[in-house]
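Beneath this line is the structure, given in structure tokens, with notes to follow.
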Amino acid sequence: MRIVSLVPHATELLFALGLGDSVVGVTHECDYPPATAELPRITRDVLPAGLSAAEIDAAVRERTEKGDAIYALDEDLLADLAPDLIVTQELCPVCAVSYDEVKEVAQKLDPCPEVIALDPKTFGETMGDIRTLAQATDSRDAALDLVTRQRARVDRVRLAVRGAKRRSVVAIEWFDPVFVAGHWTPQLIELAGGSDLLGFAGEHSEQLPWEAVAAAQPDVVLCIPCGYDGPRALAEAEQFTEDLRRVGAAETIALDAAAYFSRPGPRLVDGLETLAHALHPERVPEAPGRVHRVML
């Protein structure tokens with residue numbers, strides 16, 4: 001089977017299921033596992049490089065309101081790759097080429113490949129995506145093994161933080177303007193021994209003023225700007241030191257959002273373990289990711 005992945009978390013899932021050799025094309029944002037570096041890039045970002053958070057937000061709003069795409073799909077390369085299966089998403093128009101565009105392009109190919117969309121909104125649905133991909137790729141045994149291992153890791157975190165005093169958290173997914181994280185992130189916070197004060201599981205991220213963040217009076221501000229790694233998340237947070245200081249949280253931490261929170265793939269569990277370590281280091285002494293502490 002020849003597979004093209006048009007969303008990074010699908011790429012990660014395919015490799016986690018042992019299907020890396022079947023993946024023949026990925027997006028320009030697919031950077032994990034490292035083997036993806038050798039694969040053809042079938043998309044590109046149409047926004048200019050070097051934009052600030054506010055400029056990115058404004059550019060995305062302008063293009064989506066006009067119905068213009070954020071990403072460009074190389075249709076000629078897609079045809080050359082001759083995929084049997086294309087994996088994309090419908091969840092977020094900012095995260096990948098639109099599902100409708102992919103379907104339209106796929107219908108021009110001969111033979112027409114199967115197109116499936118992964119659209120998880122909760123942590124449970126991200127686990128369900130493993131089964132969806134397994135069904136489409138005849139990899140049931142690998143999927144069962146992956147789900148079993150993921151659940152075991154989640155259970156270990158739950159047991160480790162059981163009985164610990166919950167720390168109240170506000171998770172910031174974008175800084176200018178401020179968006180608080182939704183979808184699966186509030187559930188990860190709860191599993192890690194925290195209590196999300198502003199986010200709603202399964203719902204879209206919500207834009208709020210800094211005054212609302214401060215009024216929530218969190219113990220911890222979690223800085224996970226969408227698509228940014230740990231050092232970039234820290235740098236983004238440091239640009240808003242005065243706003244964060246006024247929130248008055250006991251701790252402000254930045255984590256690798258791109259690896260552990262933005263993409264609803266297998267590494268969400270790494271994010272859970274890292275967050276549990278950040279919130280309760282005495283209960284979870286080690287973590288796969290680095291915790292960046294913001295000095296206010």
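The values are calculated or read from the model by the stated rules, or taken from the named source; none is laboratory data. Bear in mind that the values here come from a model prediction, so they are computed numbers and not experimental data. Here Cβ is always computed from backbone atoms with ideal geometry, including for glycine, and neighbour counts include all displayed protein chains.
Could you tell me whether residue 166 is more than 30 Å from residue 70 (Cα to Cα), in contact (Cβ under 8 Å) with a residue 12 or more places away in the chain and surrounded by fewer than 17 Cβ atoms within 10 Å (Cβ to Cβ)?
Against the criterion (more than 30 Å from residue 70 (Cα to Cα), in contact (Cβ under 8 Å) with a residue 12 or more places away in the chain and surrounded by fewer than 17 Cβ atoms within 10 Å (Cβ to Cβ)), residue 166 qualifies.
Which of the following residues is farther than 25 Å from residue 287 by Cβ and either within 17 Å of the chain's Cα centre (by Cα) or not basic (Lys, Arg) (or both): 143, 192?
Being farther than 25 Å from residue 287 by Cβ and either within 17 Å of the chain's Cα centre (by Cα) or not basic (Lys, Arg) (or both) holds for just one of 143, 192, which is 143.
Please give the number of the condition residue 217 fails out of (1) more than 22 Å from the chain's Cα centre (by Cα); (2) among the polar types (S, T, N, Q); (3) outside the structural domain of residue 235 (by TED's automatic domain parsing).
That leaves (3) as the condition not met.
Assess whether residue 70 counts as being under 21 Å from residue 226 (Cα atoms) and either at pLDDT 95 or above or assigned by TED's automatic domain parsing to the domain that holds residue 19 (or both).
When the stated conditions are applied, residue 70 passes them.
Within the range 200-210, does at least one residue satisfy the condition of being under 16 Å from residue 277 (Cα atoms) and either surrounded by 19 or more Cβ atoms within 10 Å (Cβ to Cβ) or in contact (Cβ under 8 Å) with a residue 40 or more places away in the chain (or both)?
The answer is no; no qualifying residue exists.
Filter the range 85-104 down to the residues that are in a helix (DSSP H, G or I) and surrounded by fewer than 18 Cβ atoms within 10 Å (Cβ to Cβ), then identify the one that is modelled with the lowest pLDDT.
100
Considering the range 195-209 alone, what residues qualify as being over 27 Å from residue 282 (Cα atoms) and either touching a strand residue (DSSP E or B) at 6+ places or on another chain (Cβ under 6 Å) or assigned by TED's automatic domain parsing to the domain that holds residue 122 (or both)?
205, 206, 207, 208
Taking into account only those residues within the range 120-152 that are of a type in the set (Lys, Arg) and touching a Lys or Arg at 6+ places or on another chain (Cβ under 9 Å), which is surrounded by the most Cβ atoms within 10 Å (Cβ to Cβ)?
Applying the filter and picking the extreme gives 131.
Give all pairs with beta carbons closer than 7 Å in which a residue from the range 66-84 that is loosely packed, with under 13 Cβ neighbours inside 10 Å meets a residue that is at pLDDT below 95 and part of a loop (DSSP other than H, G, I, E, B); count only pairs at least 6 apart in sequence or on separate chains.
No pair meets every condition.
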